[in-house]
Amino acid sequence: MPAEFVIQSLGARTASRARSHDEESGDRRGPDRTVLGRAASIMEAFNGGQRVLSLGDLSECTGLPKSTLHRLAEQLCQVGWVERAPGGYRVGMRLFELGTLAVEGNRLQEAAFPHLQALAARTGMSVQLGVLDQAEVVYLERIVTGPFRLPTRRGGRKPAYCTALGKAMAAFDDDGIRAVTSSPKPRRTANTITEPVALRTELDRVRGAGVAFDRGEAYQGLVCVAAPIRHSGRAIGAVSVTGPAGRMRWGTAAEAVRNTADAIWNARFSPGSPAARM
């Protein structure tokens with residue numbers, strides 16, 4: 001994916017968030033006068049042919065003084081959005097990773113949606129689609145059925161260690177295993193797995209079975225079954241069914257999410273599928 005696309009996409013989102021913040025807080029100065037707006041203008045300056053920009057280049061592109069640029073650029077380095085390079089700064093790998101996550105997530109969500117609807121209709125339970133970002137699940141889509149409310153939202157995040165979606169993906173990602181097992185794991189219910197060795201054993205079981213379970217580990221009485229959507233062996237996402245413990249039929253749900261994960265992969269990657277040509 002071209003770096004320019006990533007910068008354009010995330011830079012536009014940052015500027016949009018800055019505008020929203022201004023409107024909510026009553027600040028009418030415009031995004032170019034806020035910290036977020038200035039950070040967005042720095043990132044958008046890289047949307048050109050030069051890979052490395054000096055403070056002078058950035059000042060020319062943004063209209064900001066060099067002292068301000070230096071302070072903001074150093075802060076952006078700390079979060080990985082830019083990196084120091086001989087002669088100035090360049091786009092950081094963390095920004096590229098986030099842009100890749102956003103673009104791939106949109107394609108995955110589009111390919112998955114009709115299959116998620118079918119899964120919800122077949123099981124009568126709520127359905128969720130997520131991707132893994134280090135030690136957290138990012139929820140791309142969810143379809144809620146029944147009277148109960150899910151404690152998640154589209155675009156929201158939850159820790160991976162206590163969710164079926166997170167375990168389903170981390171089990172097939174070596175970096176994910178390291179991130180999840182080394183992250184803080186506070187006990188959320190009596191069933192939460194908090195010990196790194198026990199969690200690694202659980203992930204080994206998930207890798208062997210191809211399906212993950214949340215037996216009330218995140219929320220008491222709320223359970224979940226998830227299967228990874230794998231591409232070239234690595235989990236690029238996962239799909240789950242969620243509901244009250246008394247309604248879950250574990251074996252039926254496991255088969256249903258496996259079949260749905262396969263159907264989503266075919267819709268996204270099989271030769272001839274519209275999503276595969278994107």
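Values computed for the structure shown
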| item | result |
| --- | --- |
| Neighbour cut-off at most 10 other Cβ (10 Å), DSSP loop, trypsin sites (Lys or Arg not before Pro), segment 112-219 | Arg149, Arg153 |
| Approximate spin-label separation Lys66-Gln220, in nm, with each point projected 7 Å along Cα-to-Cβ | 6.2 |
| Table column - 3J(HN,Hα) (Hz), segment 107-118, Karplus curve with 6.51, -1.76, 1.60, x for Gly and Pro | 5, 5, 4, 5, 5, 7, 3, x, 6, 5, 4, 5 |
| Listed residue (Gly176, Ile193, Val206) projecting farthest to the positive dipole end of segment 168-212, Cβ model | Ile193 |
| Full-extension gain in nm, Leu55 to His231, via 0.36 nm per residue minus C-alpha separation | 59.3 nm |
| Estimated D of segment 53-205 in µm² per second, where Rh is the Kirkwood radius over Cα pairs and Stokes-Einstein applies at 4 °C, 1.567 mPa s | 71 |
| Gained length - Arg178 relative to Asn191, 0.36 nm times residue gap less alpha-carbon distance | 2.5 nm |
| Dipole-positive endmost among Ser126, Tyr161, Phe148 within segment 101-164 (Cβ charges, Cα centre) | Phe148 |
| For segment 121-278, the fraction of alpha-carbon pairs in successive 5 Å shells from zero, as % | 2, 10, 20, 24, 21, 14, 6, 2, 1, 0 |
| Size of segment 185-243 as Cα extents on the principal axes (Å, biggest first) | 36, 28, 17 |
| Amide H contacts under 5 Å for Ala85, placed H, 5+ residues apart | Arg90 |
| Extended-chain gain in nm, criterion 0.36 nm per residue less alpha-carbon gap, Asp204 and Val144 | 18.6 nm |
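None of the figures in this text is laboratory data; all of them are computed from the coordinates on show. Treat the numbers as computed from the prediction; the structure is a model and nothing was measured. Quick reminder, even Gly has a Cβ in these numbers, built from the backbone with ideal geometry, and neighbours come from all protein chains shown.
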